[in-house]
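Trainee: One structure follows; several queries about it will come next.
Just so you know, all these numbers are worked out from the coordinates, no wet-lab data involved. As the structure is a computational prediction, the values presented were derived from the model and not from experiment. We place every Cβ from the backbone using ideal geometry, glycine too, and count neighbours over all the protein chains shown.
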């Protein structure tokens, strides 16, 4: 499985998006689906930088991305703070902007854009965010 390591910095988001786009394109995904996959990877990476590492750092953000049959599998690994995605409620999209709770939109988007989003955390393997999307 091809793996890449980036510093946990926002300036590397373009490279992360391009890496997943190359794999998705080679896997036969439509441009519309590729955009969705890139957006999910961008949201996930941004969340890792912002929340797990509490801001930009030179700490590692590992990306593994490959086709498994008709599915693209994206695994993001970090060694920052863990979190419980089950505790992240879907945002109230119908609420007035001034009263909406801040946060939660990234997980919501990932869940909407990808077929599966799974999170695991332990001291040995770090934090793993595993996202899959099936080619239509």
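Trainee: Suppose a student asked you for the relative contact order of the chain, using Cα pairs under 8 Å spaced at least 6 residues apart; what percent would you report?
Mentor: On the way: 234 pairs, mean separation 37.2, N = 136.
It rounds to 27 percent for the chain.
Trainee: Then there's this: Suppose R0 equals 35 Å. What FRET efficiency, 1/(1 + (r/R0)^6) with r the Cβ-Cβ distance, do residue 32 and residue 1 give to the nearest 0.05?
Mentor: Values: r = 26 Å, r/R0 = 0.73.
Efficiency at R0 = 35 Å is approximately 0.85.
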